[in-house]
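Asker: I'd like to ask some things about the structure below.
The values are calculated or read from the model by the stated rules, or taken from the named source; none is laboratory data. These figures come from a predicted structure and were not determined experimentally. FYI the Cβ positions are ideal-geometry reconstructions off the backbone, even for glycines, and counts take in every protein chain you see.
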Amino acid sequence: MRPAATLIFLLALPAMLAAPAFGQEGDEQKLKMGDRDDALKLKVNNAIRAGIDWLKSKQMPDGSWKGEWAKFAPPYQYPMGETALSLLALLKSGVSRHDDCIKKGFEFLRPQPLKKTYEVSVLIMALQALYADNKPAPVDHDELTRAVRKKVPIGGRDMDWMKECVRFLLENRTSSMLLLNMETTDAQNFKDVWHYPMTCGDHSNTQFAILGLKAASKCGIRIPEDVWILTLKHFLRVQEADGPEVRRWKLIEDRKHGYVSYKPLTQVPDHARGWCYGTTVLPKTGSADKATATTGSMTCVGVSNLTIALSELGRACPKSLRDKAETGVHDGMAWLDHNWKIDCNPHHPEKLWHYYYLYGLERVGVLTWSRHIGKHDWYREGAEFLVAHQQGGKWDDPNCPGPINNTCFALLFLTRATVPGRMVITGQEHRRHR
């Protein structure tokens with residue numbers, strides 16, 4: 001672990017006071033923004049340090065981390081996944097790339113074969129973090145813009161390794177249209193989702209593949225344009241068709257006094273429309289079927305993947321597709337606002353994947369450059385929960401998927417670990433295209 005002085009950058013992170021109740025339109029929240037609350041930042045830093053120490057203590061002599069998913073018998077075993085995830089969380093939390101635990105972790109991973117989407121995707125993200133300047137996502141717009149434009153220098157055998165991982169992901173896409181038995185001559189080539197071995201696609205595998213490809217792009221590896229186009233088309237096709245109207249708000253921050261107030265951003269309301277786990281079914285909020293249930297974690301996936309694809313395409317994205325995708329992002333954010341929860345994964349029929357959902361909220365907030373989701377200071381509320389529920393340095397959920405994974409997800413949230421996109425999606429007024 002780095003000396004305390006080298007972790008000063010984490011003081012840009014917020015800690016929490018109890019979130020107040022909001023009143024009528026324009027009411028002030030008489031608390032500082034989460035990441036401007038100097039009195040409580042130390043609590044978050046202490047939680048991060050304790051999480052680092054606990055996670056490092058769980059490294060095996062061979063350099064690996066073996067949690068819940070390493071215990072299963074093949075082909076359900078993930079020998080690389082928890083090691084790559086732990087390395088990612090530690091690097092993003094400020095542990096030096098020269099630390100022995102980091103070196104041993106990558107030495108364990110190097111000879112492992114590439115077999116599964118999750119593992120390969122997180123390995124790419126960990127490699128990117130190994131060479132990146134792992135500071136939290138900046139708050140100020142100009143600093144954020146500079147950080148986004150900066151490429152991550154990576155070369156030699158690690159670049160070759162990353163390219164091999166990218167090839168694996170590109171070669172292992174599947175077609176959601178083909179799985180739907182859609183009558184189209186392009187179905188065979190319309191490869192838009194990722195999957196477990198020998199199964200159909202799902203949005204969880206797909207999100208990690210997109211995150212991995214985004215990390216590779218940040219390192220200068222060219223990702224084919226059709227990856228981003230097909231990602232946009234898929235997530236627009238499988239978003240809920242309609243939902244309740246939700247007001248969009250503009251944040252007004254008084255930095256001198258620490259007050260936050262709100263005003264309507266547009267007279268045209270958004271519609272709360274989310275996503276489910278399955279790639280071949282249509283989502284439904286309130287469904288008891290885990291494949292079709294619209295959930296918080298999968299709605300975070302939809303918002304994040306649309307935002308990443310828009311950002312990676314830039315001006316190459318056709319305007320009609322961009323307009324629809326921006327509407328999809330706003331409506332996904334509206335779903336998260338309308339169904340807001342911090343203490344659980346909203347609407348999951350089995351009440352699973354809570355910490356995984358919190359990491360999803362972090363991605364949504366950072367990728368869309370959003371300080372708030374609706375009137376919710378997502379970082380303040382999430383970090384307040386995490387600080388209060390850390391036990392002995394770790395985080396765990398009795399439902400799933402084990403303390404190593406949950407501790408990694410918690411650290412990735414607290415450090416705002418996601419690399420932002422190149423453009424602002426939210427906060428801009430635009431016509432709705434339905």
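Asker: Are any residues in region 92-135 more than 19 Å from ALA417 (Cα to Cα) and of a type in the set (A, V, I, L, M, F, W, C), and if so, which ones?
Answerer: Within region 92-135, CYS101, PHE106, PHE108, LEU109, LEU114 qualify.
Asker: Read through the list (1) surrounded by fewer than 24 Cβ atoms within 10 Å (Cβ to Cβ); (2) touching a helix residue (DSSP H, G or I) at 6+ places or on another chain (Cβ under 7 Å), then give the number of the only condition that LYS375 fails.
Answerer: The single condition LYS375 does not satisfy is (2).
Asker: Return yes when ALA316 is among the aliphatic types (A, V, I, L, M) and over 25 Å from HIS354 (Cα atoms) and no when it is not.
Answerer: Details: among the aliphatic types (A, V, I, L, M): yes; over 25 Å from HIS354 (Cα atoms): yes.
So ALA316 fits the description; yes.
Asker: So in region 67-78, with the set limited to residues that are touching a residue at least 40 places away in the same chain (Cβ under 8 Å) and assigned to a loop (DSSP other than H, G, I, E, B), which one is nearest to PRO111 (Cα to Cα)?
Answerer: Looking only at region 67-78, we keep the residues that are touching a residue at least 40 places away in the same chain (Cβ under 8 Å), and these are 67-69, 75, 78.
The next check asks that each one be assigned to a loop (DSSP other than H, G, I, E, B); those that pass are 67, 75, 78.
Numbers: GLY67: 20, PRO75: 18, TYR78: 14 Å.
Among those residues, the one meeting the criterion is TYR78.
Asker: Of all the residues that make up region 43-86, how many are acidic (Asp, Glu) and under 23 Å from GLY212 (Cβ atoms)?
Answerer: Within region 43-86, residues that are acidic (Asp, Glu) and under 23 Å from GLY212 (Cβ atoms) number 2.
Asker: Scanning for something more than 30 Å from GLN267 (Cβ to Cβ), part of a loop (DSSP other than H, G, I, E, B) and modelled with pLDDT under 55, does region 18-38 turn up at least one residue?
Answerer: Within region 18-38, one or more residues are more than 30 Å from GLN267 (Cβ to Cβ), part of a loop (DSSP other than H, G, I, E, B) and modelled with pLDDT under 55.
Asker: In addition: I'd like the residue in region 80-106 that is free of Cβ contacts under 8 Å to residues at least 40 places away in the same chain and outside any helix (DSSP H, G or I) and, out of all such residues, is nearest to LYS394 (Cα to Cα).
Answerer: ARG97
Asker: Considering each residue of region 364-379, count those that are in a helix (DSSP H, G or I) and hydroxyl-bearing (Ser, Thr, Tyr), and give that number. Reasoning before the result, please.
Answerer: Within region 364-379, the subset in a helix (DSSP H, G or I) is 364-367, 378-379.
Okay, now just the ones that are also hydroxyl-bearing (Ser, Thr, Tyr), so 379.
The number of residues fulfilling the criteria is 1.
Asker: Quick one: would you say THR199 is closer than 23 Å to MET298 by Cα and modelled with pLDDT under 95?
Answerer: Numbers: closer than 23 Å to MET298 by Cα: yes; modelled with pLDDT under 95: yes.
In short, yes.
Asker: Out of all the residues in region 340-378, which are of a type in the set (S, T, N, Q) and under 17 Å from THR295 (Cα atoms)? Steps first, answer last, please.
Answerer: Pass one, region 340-378, residues of a type in the set (S, T, N, Q): 345, 368, 370.
Passing the criteria: only ASN345.
Results for (1) closer than 20 Å to MET162 by Cα; (2) surrounded by fewer than 19 Cβ atoms within 10 Å (Cβ to Cβ), shown as yes or no for each residue.
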residue: GLN59; (1), (2): no, no
residue: SER64; (1), (2): yes, no
residue: GLU68; (1), (2): no, yes
residue: PRO74; (1), (2): no, yes
residue: PRO79; (1), (2): yes, yes
residue: THR83; (1), (2): yes, no
residue: ALA89; (1), (2): yes, no
residue: ARG97; (1), (2): yes, yes
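Asker: Within region 215-228, can one find any residue that is under 16 Å from GLU119 (Cβ atoms), at pLDDT below 95 and assigned to a loop (DSSP other than H, G, I, E, B)?
Answerer: No: zero hits.
Asker: Mind checking which residues of region 288-336 are surrounded by fewer than 21 Cβ atoms within 10 Å (Cβ to Cβ), touching a residue at least 40 places away in the same chain (Cβ under 8 Å) and not in a helix (DSSP H, G or I)?
Answerer: Within region 288-336, ALA288, ASP289, LYS290, CYS317 qualify.
Asker: Right, here's the next one. Residues of region 208-232 being crowded, with 24+ Cβ neighbours inside 10 Å and of a type in the set (S, T, N, Q), which ones?
Answerer: Selection gives THR231 alone.
Asker: Let me ask another. What number of residues within region 231-287 are among the charged types (D, E, K, R), over 15 Å from LYS375 (Cα atoms) and either touching a helix residue (DSSP H, G or I) at 6+ places or on another chain (Cβ under 9 Å) or in a loop (DSSP other than H, G, I, E, B) (or both)? Give the derivation first.
Answerer: Our first condition is that a residue be among the charged types (D, E, K, R); within region 231-287, this holds for 233, 237, 240, 242, 245, 247-248, 250, 253-256, 263, 270, 273, 284.
Cutting the leftovers down to over 15 Å from LYS375 (Cα atoms) gives us 233, 237, 240, 242, 245, 254-256, 273, 284.
Still in the running and either touching a helix residue (DSSP H, G or I) at 6+ places or on another chain (Cβ under 9 Å) or in a loop (DSSP other than H, G, I, E, B) (or both): 233, 237, 240, 242, 245, 255-256, 273.
Summing the residues that are among the charged types (D, E, K, R), over 15 Å from LYS375 (Cα atoms) and either touching a helix residue (DSSP H, G or I) at 6+ places or on another chain (Cβ under 9 Å) or in a loop (DSSP other than H, G, I, E, B) (or both) in region 231-287 gives 8.
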